[in-house]
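A.B. asks: Below you'll find the structure I mean.
The values are calculated or read from the model by the stated rules, or taken from the named source; none is laboratory data. Nothing here was measured: the structure is a model prediction, and the numbers come from that model. Positions of Cβ are generated from backbone atoms using ideal geometry, with glycine treated the same way; all protein chains shown enter the neighbour counts.
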């Protein structure tokens, strides 16, 4: 039993770090949590466990590509949640919205 304690602690801390990094990425980039879950399922189904670990960076790369493509920007808008009123007041002009 005692040799497995470091393995259990490592697994729990790794799972916590992965969950917290996903939550931080979703919150900072205004991504819809459902799109991150679906991307984790898709990349996990495609590449297995490696795909699940790489699902957040891969999805962010796809979102950035879609945002910078004129014809496919609507797909990136589906992946992004609407900004809150507070963030719209604070940084609305920085994101291309005009106050006048």
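A.B. asks: Search the stretch 35-47 for residues that are under 14 Å from residue 80 (Cα atoms) and pair each with any residue that is at pLDDT below 85 and not in a helix (DSSP H, G or I) when their beta-carbon atoms are under 9 Å apart and the residues are at least 6 apart or on different chains.
C.D. replies: Short answer, once both residue conditions are applied: 35/80.
A.B. asks: Within the stretch 59-100, track down each residue that is at pLDDT below 80, assigned to a loop (DSSP other than H, G, I, E, B) and more than 15 Å from residue 32 (Cβ to Cβ).
C.D. replies: Of everything in the stretch 59-100, those that are at pLDDT below 80, assigned to a loop (DSSP other than H, G, I, E, B) and more than 15 Å from residue 32 (Cβ to Cβ) turn out to be 92, 96, 97, 98, 99, 100.
A.B. asks: Now a separate question. Which one of these does residue 33 not meet: (1) at pLDDT 80 or above; (2) in contact with a helix residue (DSSP H, G or I) (Cβ under 7 Å, 6 or more places away or on another chain)?
C.D. replies: With (1) at pLDDT 80 or above; (2) in contact with a helix residue (DSSP H, G or I) (Cβ under 7 Å, 6 or more places away or on another chain) applied to residue 33, the lone miss is (1).
A.B. asks: Right, something else. Determine which member of the set 41, 56, 50 is modelled with pLDDT of 75 or more, closer than 21 Å to residue 15 by Cα, surrounded by 11 or more Cβ atoms within 10 Å (Cβ to Cβ) and more than 15 Å from the chain's Cα centre (by Cα).
C.D. replies: Exactly one of 41, 56, 50 is modelled with pLDDT of 75 or more, closer than 21 Å to residue 15 by Cα, surrounded by 11 or more Cβ atoms within 10 Å (Cβ to Cβ) and more than 15 Å from the chain's Cα centre (by Cα), namely 50.
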